[in-house]
1. Residues of the range 174-183 being crowded, with 17+ Cβ neighbours inside 10 Å and more than 15 Å from the ligand (Cβ to nearest atom), which ones?
2. Looking only at residues in the range 208-231 that are within 16 Å of Ala196 (Cα to Cα) and among the polar types (S, T, N, Q), which one is least open to solvent (accessible area, probe 1.4 Å)?
3. Sort out which residues of the range 137-165 are open to solvent by 20 Å² or more (accessible area, probe 1.4 Å) and either hydroxyl-bearing (Ser, Thr, Tyr) or under 16 Å from Asp124 (Cα atoms) (or both), and write them in order of number.
4. Out of the range 110-124, which residues are open to solvent by less than 50 Å² (accessible area, probe 1.4 Å) and either within 16 Å of the ligand (Cβ to nearest atom) or in contact with a Gly (Cβ under 7 Å, 6 or more places away or on another chain) (or both)?
5. Filter the range 42-98 for residues that are open to solvent by less than 10 Å² (accessible area, probe 1.4 Å), out of contact with any Ser or Thr (no Cβ under 9 Å at 6 or more places or on another chain), not hydrophobic (A, V, I, L, M, F, W, C) and not in a loop (DSSP other than H, G, I, E, B) and give the result.
Amino acid sequence: YGKLVGAAMGVTVLAAGASVWTAQAGSADDAPPKASRPAAPPAAVTPVSIIIAHDSEAGPRGVNLTIDDGPDPVWTPRVLDVLRKYGVKATFCMVGTQAQAHPDLVKRVVAEGHRLCNHSVSHDTAMDKAPEDYQKQQILDAERMITKASGGVRPVYYRAPGGAFTPYSRKLAASRGMRPLGWNVDTKDFERPGTAAIVATVERELPSGPTLLFHDAGGDRSQTVEALRRVLPRLKEQGRVFGYPVR
Ligand SMILES: [Zn+2]
C-alpha cells in the first residue's frame, strides 16, 4: 500500500511542479489551492470514542475550562493573559473561519499549552438538520483550517455549534481523532448577565459536572474576562485542578 501511494504521489508531484513541494514541506504557503494541485491525503490519525466527553483527565477534583467561538483579535489575547497569570490550561473550540483569519492567535493558544477543539467552519447551530455531506464539509474543512492555522497541531475534540451533534457527526469526528465534547455548566456569559452572575453560575452548577463553557468571541467579552479573573483563583483555593476533558 505504502509503495503504491508513494509511486503515485511521485508522479503527481513531478506533474504539478515545485509549488507542491513547497506546500508539502509545510512552509507558510497561504496561496489558495490550485486546480492542478492534488488534494493532500488526510494524515493518519487514531480514532477516538464517539461518546460525548464531559469528564476531566484531572480526576475527581478536575475542572475543564472550554472557551468557544474564537479566536478573536480583541478577546482571545485577554483570555490567554488571564489563563497565563493563573497557570491554567484550557480547551479552545475554534470556528474554522476565525482560525483561518487569525493564525497568529491559534499558534499562541497552542504555544501556551492549551488544546484545540473543532467548532465547525461557520457555526451553523442547525447543522444537525442538514444533509450529511454538509455536516462532513463543516467538520473536515474546519479541521483543515484549524490545523493549517496552528502550524500542524490538530484539534483533538469536536464540539458541534450549539451542541447540534448527530450520530453521524460524532462518528465522523471520532474517526478523525476528535472526541465529541460536551459541557456541564453553561455560564451564559454570551448573554452578558454581569460578571457576578457568571461567577455565581459557575459556583452553583459546578457540582453537576466539571466542564465549563465560556466564550472568547461573538461580542464584548469583558464580563467573561473579568469572571475568569475571579473564578480561577477561587477554584484553585478550593483545591480544584484545571485539566482537559477526557479523550
Ligand atoms: Zn459556539
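The values are calculated or read from the model by the stated rules, or taken from the named source; none is laboratory data. Everything numeric here is computed off the predicted structure, so don't read it as measured data. Note: ideal-geometry Cβ built from the backbone for every residue, glycine included; neighbour counts use all protein chains shown. With ligands, DNA and RNA removed, areas are computed over all heavy atoms of the protein, side chains included. Shrake-Rupley method; radii C 1.70, N 1.55, O 1.52, S 1.80 Å.
1. Looking only at the range 174-183, we keep the residues that are crowded, with 17+ Cβ neighbours inside 10 Å, and these are 174, 176-183.
Selection gives Ala174, Arg176, Gly177, Met178, Arg179.
2. The selected residue is Thr224.
3. Gln137, Leu140, Asp141, Thr147, Gly162, Gly163, Phe165
4. Those that are open to solvent by less than 50 Å² (accessible area, probe 1.4 Å) and either within 16 Å of the ligand (Cβ to nearest atom) or in contact with a Gly (Cβ under 7 Å, 6 or more places away or on another chain) (or both): Leu116, Cys117, Asn118, His119, Ser120, Val121, Asp124.
5. Across the range 42-98, the qualifying residues are Asp68, Thr76.
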